Amino acid sequence: MSQAPTELDWRELPLLGRALIEASAGTGKTYNIALLHLRLLLEQGLSVREIVVCTFTEAAASELVERLRQRLRQAHDVLVALHQAADPEPAGDPALVEWLTDLADTLPAAVLLERSRSALADLDLAPISTIHSYCRRLLNDYPFDSGSAFRPSETADQSALIAECVEDWWRQRYQVDTICRLESALLLPQGPSKLARRVDELWRVRHAHIIAPPTQRLRELAEELYGAQRIAQLQALVDAVDYFRQKNSRLRTRLTELLEMLQGGAWQQKTITELEEINDPDLLAKQVSRSKPNKLLQNAFFQWLQA
């Protein structure tokens, strides 16, 4: 995909026909689209229904609607100030104010103000959507011209597409001879459907980014737990009854379950999940020995396990 400069001069971009802006994240695509949309409304006098704005995802389409609405409101406020001549230098984006001031010298401010009001009133009717939603709309509106059925099939469901991608990844990841023990405990029992729901939920969060975890390091730590030295350290910790407030304390029970899991050679999701409480200060305060609180908290293996 071509790289666009960080700063695009929206006043020089093509107005009529197709304006294609391709760039990486953070290069000002939405900013320039909003201003191009505004130019078509105010300079050309088009209605919001005559301007098609398409993007790839539902989340991006929703964001575009809000950004276009925000830009329209900003322009409307500036035009109100210009029309009433209340402020020779209206507040707002300097580039936007300069452009609207120059435009008001060409077109009556009252006309521009009426165009902005109409656009704001009709913005919810504007064809701002994903590409597939727009295509479906055309097929519904022009069934004879397109030769499509009067009841076209459903458009691509985002959740179904995510589920398909997750299932493909799942097959590639787990139809192999060796599987990471950590993943076999924490991920495999949940199945691909739960992972797909989580991805779908994350996908709907604006500006969300998936940061790749240090997978190799996690695997190394998981495998290190099975080492004879770590198991011996855990055994010694469990045997040190005086470290805990009582012999059958909840924390000691959890560590005993971990020891049994490691000795059995299989990861168990429940054991790993419940062990997260070793990083809960309030819980630890109720579990450690009153007379020797630092014995457990300063134990080298316990600190390694927390980390």
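Taking the range 112-134, which residues are surrounded by 11 or more Cβ atoms within 10 Å (Cβ to Cβ), in a helix (DSSP H, G or I), in contact (Cβ under 8 Å) with a residue 12 or more places away in the chain and not basic (Lys, Arg)? Show your work before the answer.
First pass over the range 112-134, keeping only residues surrounded by 11 or more Cβ atoms within 10 Å (Cβ to Cβ): 112-120, 122-123, 126-134.
Within this subset, residues satisfying the condition of being in a helix (DSSP H, G or I) are 112-120, 122-123, 131-134.
In the following step, the residues that additionally are in contact (Cβ under 8 Å) with a residue 12 or more places away in the chain were identified as 112-113, 115-120, 122-123, 131-134.
Within the range 112-134, LEU112, LEU113, SER116, SER118, ALA119, LEU120, ASP122, LEU123, ILE131, HIS132, SER133, TYR134 qualify.
Restricting to the range 237-260, count the residues that are without any contact (Cβ under 8 Å) to a residue 12 or more places away in the chain and under 17 Å from PHE301 (Cα atoms).
Step one: filter the range 237-260 for residues without any contact (Cβ under 8 Å) to a residue 12 or more places away in the chain, giving 239, 241, 246-248, 253, 260.
Filter once more, so that each one left must be under 17 Å from PHE301 (Cα atoms): 239, 241, 253, 260.
Counting residues in the range 237-260 that are without any contact (Cβ under 8 Å) to a residue 12 or more places away in the chain and under 17 Å from PHE301 (Cα atoms) gives 4.
Looking only at helices (runs of 4 or more DSSP H) that fall completely inside the range 184-278, which ones have 2 or more residues that are modelled with pLDDT under 75?
Values: elements: 191-203, 215-225, 228-239, 250-264, 269-274.
Passing ranges, in order: 215-225, 269-274.
Kindly indicate the residue of the range 56-79 that is at pLDDT below 85 and farther than 15 Å from TYR31 by Cα and also surrounded by the most Cβ atoms within 10 Å (Cβ to Cβ) among those meeting that condition.
So the residue we want is ALA59.
Limited to the range 102-123, what total is found for residues that are closer than 13 Å to VAL80 by Cβ and among the polar types (S, T, N, Q)?
Adding up the residues that qualify gives 1.
Of all residues in the range 297-307, how many are more than 21 Å from TYR226 (Cα to Cα) and surrounded by 13 or more Cβ atoms within 10 Å (Cβ to Cβ)? Show your work before the answer.
Initially, the range 297-307 is screened for residues more than 21 Å from TYR226 (Cα to Cα), giving 297-298.
Adding the requirement that they be surrounded by 13 or more Cβ atoms within 10 Å (Cβ to Cβ) leaves 297.
The qualifying residues number 1.
Quick one: count up the residues across the range 48-66 that are among the hydroxyl-bearing types (Ser, Thr, Tyr), touching a strand residue (DSSP E or B) at 6+ places or on another chain (Cβ under 7 Å) and either free of Cβ contacts under 8 Å to residues at least 24 places away in the same chain or not in a strand (DSSP E or B) (or both).
As a first pass, look at the range 48-66 and keep what is among the hydroxyl-bearing types (Ser, Thr, Tyr): 55, 57, 62.
So of that shortlist, the ones also touching a strand residue (DSSP E or B) at 6+ places or on another chain (Cβ under 7 Å) come out as 55, 57.
Within this subset, residues satisfying the condition of being either free of Cβ contacts under 8 Å to residues at least 24 places away in the same chain or not in a strand (DSSP E or B) (or both) are 57.
Residues that pass the stated criteria total 1.
Between LEU82, LEU15, which is under 21 Å from GLU114 (Cβ atoms), more than 29 Å from the chain's Cα centre (by Cα), crowded, with 19+ Cβ neighbours inside 10 Å and at pLDDT below 85? Step through it out loud before you land on a result.
Working: LEU15 fails: crowded, with 19+ Cβ neighbours inside 10 Å.
None of the other options fit; the residue is LEU82.
Test LEU20 against the criterion of being surrounded by 17 or more Cβ atoms within 10 Å (Cβ to Cβ), in a loop (DSSP other than H, G, I, E, B) and either modelled with pLDDT of 85 or more or out of contact with any strand residue (DSSP E or B) (no Cβ under 9 Å at 6 or more places or on another chain) (or both), and give yes or no.
Values: surrounded by 17 or more Cβ atoms within 10 Å (Cβ to Cβ): no; in a loop (DSSP other than H, G, I, E, B): yes; either modelled with pLDDT of 85 or more or out of contact with any strand residue (DSSP E or B) (no Cβ under 9 Å at 6 or more places or on another chain) (or both): yes.
Criteria not met by LEU20.
The values are calculated or read from the model by the stated rules, or taken from the named source; none is laboratory data. Just so we're clear, the structure is a prediction, and the values are computed from it rather than from any experiment. Counting neighbours? That spans all protein chains shown, and the Cβs are built from the backbone with ideal geometry, glycine included.
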